[in-house]
1. Got a sec? How would 241, 195 order by Cβ neighbour count within 10 Å, fewest to most?
2. So if R0 is 56 Å, what FRET efficiency would residue 330 and residue 68 give, r being the distance between their Cβ atoms, rounded to the nearest 0.05?
3. Find how many whole Å separate the alpha carbon centroid of the range 230-304 from the alpha carbon centroid of the range 64-100.
4. Just to be sure I understand: with springs between alpha-carbon atoms less than 10 Å apart, which residue in 279, 240, 367 has the highest mean-square fluctuation in the Gaussian network model of the chain?
5. What does the C-alpha gyration tensor say about the overall shape of the range 18-71? Classify as rounded when a/c is under 1.5, otherwise prolate if a/b is larger than b/c, or oblate.
6. Which shape class, rounded, prolate or oblate, goes with the range 129-277 when its Cα gyration tensor gives a ≥ b ≥ c as root eigenvalues, a/c under 1.5 marks rounded, and past that a/b bigger than b/c marks prolate?
7. How long is the gain from residue 35 to residue 158 if the chain were fully straight, where each residue apart is worth 0.36 nm and the alpha carbon distance is subtracted?
8. For residue 307 and residue 351, what is the calculated FRET efficiency with R₀ set at 51 Å and r taken between the beta-carbons, to the nearest 0.05?
Ligand SMILES: *Cc1c(COP(=O)(O)O)cnc(C)c1O
């Protein structure tokens, strides 16, 4: 057993089940372990590393900014925050933004904004606001957020939970329509469910849900923490259906693979509900994070990473769909956001991830049956081809082993 793994397991809470590899360095789409073995990172930290590891422009910028100004809190203005938020609003078509650090904080911010908007603008009676979320959602791990979850493990042992949340089936417009009432503040939805297993909703769902929300005076809030910033082949996954949400949540890749940077963006009349003292974060919007976030956005545009994701994603999904094995139930996704669903009777996603790791490809299972493939968007066609070969061979190996037994 690797002594570094022993040390980490001895002192770190066991709230994850990592693959047995100790990473020490990363560059572009590759990471290296403590034996110097190289791996293609097809996980990219749940899409937080869309820019690749140690992007040279970000490394240069961080070195400069870290020696200049890092943390001052929002008690003061800085030269970095305005330009960052202005660029984020310009690229996403939103009016204003509220900077946070982690995705969960930005989701909490969205919930607070939606509730206060319901009371002060829509006229919902005090403490009666409801937010509708979807079955199979993942929006983070705070108490309020897991209150929205239907995953038993996320809630077990952590109650009681705050009220004010409802759930409907993902992709089911009639269920959404039936769940909306006079107290509904917002519909919170992932354009593609990531942790739920890379679930792509039916065509037209997002556009129709948005129209329904507009008609019923309900905020349509898109959690694009994982799907956003080029991951699905457009800057935002909502753009596939021409949807501009009333509220938008970004995180993960917004930090350029370097820092936690998140934000809630919205229309002016939604963001205007916040008054000084209503909400905040000591680190949210700090100059280092703002400088990194702005550069991360500029790199996405300059390097056309969304287009690259669209093209390589189509290629990856198309090629994987040609693999024929009883082990594979479905290959789904959009852009470089891909899930291979396995038949659990015939093989486990964890076993497949371990076999891929042996061959130098890092991925991670989600929900026991789905192998997620979401490499940094800077990945090359050659690297994707190499990955496809490894996947093909591992599947053949698993098929053979099963037939032999
Ligand atoms: C990862 C994720 C979150 C939570 O972000 P953290 O930075 O882990 O708090 C929320 N929503 C979605 C869709 C995510 O993928």
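Values in this text are rule-based calculations from the coordinates and carry no lab data. Small disclaimer: the values here were computed from a predicted structure and weren't measured. All Cβ positions, even for glycine, are placed from backbone atoms using ideal geometry, and neighbour counts span all protein chains on display.
1. With the fewest neighbours first, 241, 195 line up as 241, 195.
2. 0.70
3. What the calculation gives is 10 Å, centre to centre.
4. Answer for the Gaussian network model of the chain: 279.
5. prolate
6. Since a/c stays below 1.5, the shape of the range 129-277 is classed as rounded.
7. Going from the current span to full extension adds 40.3 nm.
8. Once rounded, the FRET efficiency stands at 0.90.
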